[in-house]
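Reading through the structure tokens given below for one structure.
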Amino acid sequence: QHQHQHQHQHQLTFFALFADEVASFLPSLAGDESALLRCLDGVHALEHVRDFETLVPAAHQLRLEGALYRYMQPGGPFYPSKDVRRHARRALDALRPSGSRVRRGVNLLVHVLFYPSYWIPTLLLDPWHDARKLVRRSARTVRRKILRLHESVFGGWLVRG
């Protein structure tokens, strides 16, 4: 019992230190996008750590989340690219999967209200781009589902052309 508790304290300390170090390190990577993307991918890999939320005290989690949030928003002080914002969002979703839909909704609302310079030009230059992308993605998904259904019902003897 004592050894298990002692081991848990070391894990707690390790993950808390890790979260603090990443939170401290992220701002220094603002000028090196490739290194920043690798670091954000590393944070995203934490989704495979079982019970990360329970292993890291709330204060340490908030510090890391705050560092990730700074890279999710366009504009200063870091002016992250769209790629960096997407990676930061994925990393945060990996750490806190339960709130990802709410965060995306709030993020969309913030972008619409406070960053019109980022979405108005896209709307004016190519208003149908996202709609076309959505239709193509939906058509591919429907086609895949029909193929899977056909293969499961008829044993896969579908002629593809």
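Brief remarks on what is shown
- Accessible surface, the range 44-115, averaged per residue in Å² (probe 1.4 Å): 59
- Computed across the range 21-63, the Kirkwood hydrodynamic radius from all distinct Cα-Cα pairs reaches 11.4 Å.
- For Val106 and Tyr69, the difference between the fully extended length at 0.36 nm per residue and the C-alpha to C-alpha distance is 12.1 nm.
- Packing-based ranking, highest mean first, of 110-116, 72-78, 91-97, 148-154 given that Cβ atoms within 10 Å are counted: 91-97, 72-78, 110-116, 148-154
- Accessible heavy-atom area order of Lys133, Lys82, Lys145, highest first, probe of 1.4 Å: Lys82, Lys145, Lys133
- Share of pairwise Cα separations in the range 41-127, more than 22 Å, in percent: 31
The values are calculated or read from the model by the stated rules, or taken from the named source; none is laboratory data. On a predicted model such as this, the values are computed, not experimentally measured, just so you know. Methodologically, a virtual Cβ is constructed for each residue, glycine included, from the backbone with ideal geometry; neighbour enumeration extends over all protein chains shown. Ligands, DNA and RNA are stripped out before the accessible areas are found, and what is left, the full protein with its side chains, is counted by its heavy atoms. Shrake-Rupley method; radii C 1.70, N 1.55, O 1.52, S 1.80 Å.
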